[in-house]
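Asker: Quick one: this structure, given as structure tokens, is what I'll be asking you about.
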Amino acid sequence: MSLATHLFLPASSSIPCLVKTRVLFSSAMALKVHGTVGSPATFRALAALHEKDLDFEFIPVNLSAKEHKSPQFLAHKNPFGQVPVFEHGDLKLFESRAITKYVAEAFADKGTSLIHKDPKKSAIQTVWTEVEAQKFDPTVAKLGWEIVLKPKFGMTTDEAVVAEFEKKLEPLLDVYEKRLTESKYLGGDSFTLADLHHLPTLQGIMGTKVKSQFDARPHVSAWASDILSRPAWVKVASMLTK
Amino acid sequence: MVVKVYGPIQAACPQRVLACLFEFGVDFELITVDLDSNEHKQPDFLQKQPFGQVPVVEDGEFRLFESRAIIRYYATKYGDKNRNLYGTTLEEKALVDQWLEVEAHHFNDMVYTIVLQKLVIPKMGGRTDFDLVHNCEKKLEQVFDIYEQRLSKNNYLAGNWFTLADLSHLPGIRYLMNECELGHLVRDRKKVNLWWDDISNRPAWKKVMQMFNGQG
């Protein structure tokens, strides 16, 4: 599968996982991520861990075998049957944006700072984190599903839906363009979770014709190039080619 | 200085913010925004909230939107008054954030669609997609089953104290119980039912409801 295809796999996808090798980053630390290569939500969590230079154990979850829907997984990992699931000692978390937030705060002094400490700056960062979660992700993931994933699985792209969601993306990116003329990054003057959370779906959509919408807006384009080229993200994305 | 909250009292997202402000005893002024006349899409309002949505909060010169960002800000700012609302440790806070994400993505998406289909679209002269409503209702059944399990082990979603994660559900569940006529989702589940009765009887939420009913 292409990089773009992988990056639109939803968290509960039953699409066959082509990466069969178990990837072990470290057996020593008490940080674990149960997830799937190519799952945007899994990659979101991994991006944060790599930005913080943290060692962790990656435990693949076999979506094609419906491991995420097994009674064991539902009872002990995530009752919603989705990846990723994160463990730090006794703490077990699901929801990628809760995981990244915990990692950013628990390891605030390690690696890249992914949060603002000043309460007002932190609140502004949270605003744009919500924008990504409530507006960007649903719109872009839908486009990715139609344009990238459906053809790969023998289904027909619904061009009307593509047109509808491309139309939704335009005013959203206009707001981003204005924001990024006022602020170097979405959440403020430095790279934070508000930007990081975009990475998996952003990477995927940039491999499609929708990239033209990003290219048409100079600040959005520069921001996208900037965050996609971050070494931590490149490391995560490279898991797809291993 | 009084916090200004822009938005109609009937809308779920302003209610979420008001519930939080009442919990912390923060004085505020509600400035109604008339959604029916598209006030939220006018240039003046778009200056405040570029997506043309409610609520917006203005705290002096400081402006915020996105209700779940707003409640997190105030819960952090007034943490000394009630630290349990956003957890007292990093681990507790993470669980609050987790269940806030659950509310936003698993619960709210379904409720939003049901409200849009059953209430908003007919009001605008359109037709309800009952298949879509039914699908959302089925998904909510699964979500509430998970809540039932969770609440069998904990008094509240994030643990044994009322937190933002519970608070965030108040407006949506109110819609389900009333205008959407889906109260059975709550009433058919013992623990969810007890939890709803508990959280909806909190003084802060009752004050929101007084405003909603034109009494506040």
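Asker: Could you give every pair whose Cβ atoms fall below 7 Å, whose first residue belongs to segment B:78-95 and is at the interface with another protein chain (Cβ under 10 Å from one of its Cβ atoms), and whose second residue is outside any loop (DSSP other than H, G, I, E, B) and of a type in the set (Asp, Glu), counting only separations of at least 6 or pairs across chains?
Answerer: If the second residue must be outside any loop (DSSP other than H, G, I, E, B) and of a type in the set (Asp, Glu), the pairs left are B:90/A:105.
Asker: So residue B:62 fits all but one of (1) closer than 17 Å to residue B:164 by Cα; (2) among the aromatic types (Phe, Trp, Tyr); (3) free of Cβ contacts under 8 Å to residues at least 24 places away in the same chain; what number is the exception?
Answerer: For residue B:62, the exception is condition (1).
Asker: I'm told residue A:49 meets every condition in (1) part of a helix (DSSP H, G or I); (2) over 17 Å from residue B:94 (Cα atoms) except one. Can you identify the failing condition by its number?
Answerer: Going through (1) part of a helix (DSSP H, G or I); (2) over 17 Å from residue B:94 (Cα atoms) one by one, residue A:49 breaks only (2).
Asker: Report the residue count in segment A:61-88 for those that are within 13 Å of chain B (Cβ to nearest Cβ) and basic (Lys, Arg).
Answerer: Here the count works out to 2.
Asker: Determine whether segment B:59-74 contains at least one residue that is more than 17 Å from residue B:8 (Cβ to Cβ) and hydroxyl-bearing (Ser, Thr, Tyr).
Answerer: yes
Asker: Okay, moving on. When you scan segment B:53-69, do you find a residue that is among the aromatic types (Phe, Trp, Tyr) and more than 10 Å from chain A (Cβ to nearest Cβ), even just one?
Answerer: Within segment B:53-69, none of the residues are among the aromatic types (Phe, Trp, Tyr) and more than 10 Å from chain A (Cβ to nearest Cβ).
Asker: Is it true that some residue in segment A:206-219 is within 26 Å of residue B:104 (Cα to Cα) and crowded, with 17+ Cβ neighbours inside 10 Å?
Answerer: Checking segment A:206-219: not a single residue is within 26 Å of residue B:104 (Cα to Cα) and crowded, with 17+ Cβ neighbours inside 10 Å.
Asker: To continue, here is another question. Which residue is farthest from the chain's Cα centre (by Cα), if the candidates are limited to segment A:129-150 and must be among the polar types (S, T, N, Q) and facing chain B (nearest Cβ under 9 Å)?
Answerer: A:134
Asker: Any residue that is farther than 11 Å from residue B:17 by Cβ and in the same structural domain as residue B:20 (by the TED database) - is there at least one of those in segment B:62-69?
Answerer: For segment B:62-69, residues farther than 11 Å from residue B:17 by Cβ and in the same structural domain as residue B:20 (by the TED database): present.
Asker: Additional query: Which number in (1) in a loop (DSSP other than H, G, I, E, B); (2) within 25 Å of residue A:239 (Cα to Cα) marks the one condition that residue A:102 misses?
Answerer: (1)
Asker: Residues that are in contact (Cβ under 8 Å) with a residue 24 or more places away in the chain, farther than 22 Å from residue B:206 by Cα and within 14 Å of chain A (Cβ to nearest Cβ): does segment B:34-45 have at least one?
Answerer: Yes: segment B:34-45 contains one or more residues that are in contact (Cβ under 8 Å) with a residue 24 or more places away in the chain, farther than 22 Å from residue B:206 by Cα and within 14 Å of chain A (Cβ to nearest Cβ).
Asker: Within 14 Å of chain A (Cβ to nearest Cβ), under 15 Å from residue B:179 (Cβ atoms), under 22 Å from the mean Cα position of the chain (by Cα) and crowded, with 19+ Cβ neighbours inside 10 Å - does that describe any residue in segment B:131-138?
Answerer: There is no residue in segment B:131-138 that is within 14 Å of chain A (Cβ to nearest Cβ), under 15 Å from residue B:179 (Cβ atoms), under 22 Å from the mean Cα position of the chain (by Cα) and crowded, with 19+ Cβ neighbours inside 10 Å.
Asker: Condition first: surrounded by 20 or more Cβ atoms within 10 Å (Cβ to Cβ), in contact with a Phe, Trp or Tyr (Cβ under 7 Å, 6 or more places away or on another chain) and either within 12 Å of chain B (Cβ to nearest Cβ) or touching a residue at least 60 places away in the same chain (Cβ under 8 Å) (or both). Can you find one or more residues in segment A:156-172 that meet it?
Answerer: no
Asker: Now for a separate question. Quick check on this structure: which one of B:165, B:158 is buried (at least 20 other Cβ atoms within 10 Å of the Cβ), part of a loop (DSSP other than H, G, I, E, B), modelled with pLDDT of 95 or more and within 14 Å of chain A (Cβ to nearest Cβ)?
Answerer: It is B:158.
Asker: Now a separate question. Assess whether residue B:62 counts as being of a type in the set (Phe, Trp, Tyr) and either in contact with a Phe, Trp or Tyr (Cβ under 7 Å, 6 or more places away or on another chain) or closer than 23 Å to residue A:179 by Cβ (or both).
Answerer: Taking the combined requirement at face value, the residue satisfies it.
Asker: For the subset of segment A:173-191 comprising residues that are hydroxyl-bearing (Ser, Thr, Tyr) and more than 13 Å from chain B (Cβ to nearest Cβ), which member is farthest from residue A:209 (Cα to Cα)?
Answerer: Residue satisfying both the conditions and the ranking: A:190.
Asker: Of all the residues that make up segment B:108-129, how many are away from chain A (no Cβ under 11 Å) and in contact (Cβ under 8 Å) with a residue 12 or more places away in the chain?
Answerer: Of the residues in segment B:108-129, 9 are away from chain A (no Cβ under 11 Å) and in contact (Cβ under 8 Å) with a residue 12 or more places away in the chain.
Asker: Of all residues in segment A:100-124 being at the interface with chain B (Cβ under 8 Å from one of its Cβ atoms) and farther than 21 Å from residue B:64 by Cβ, which is farthest from the chain's Cα centre (by Cα)?
Answerer: Of everything passing the filter in segment A:100-124, A:106 is farthest from the chain's Cα centre (by Cα).
The values are calculated or read from the model by the stated rules, or taken from the named source; none is laboratory data. Keep in mind that what you see is a predicted model, and the values were worked out from it rather than measured. Note that each Cβ is placed from the backbone with ideal geometry, even for glycine, and that neighbours are counted across all protein chains shown.
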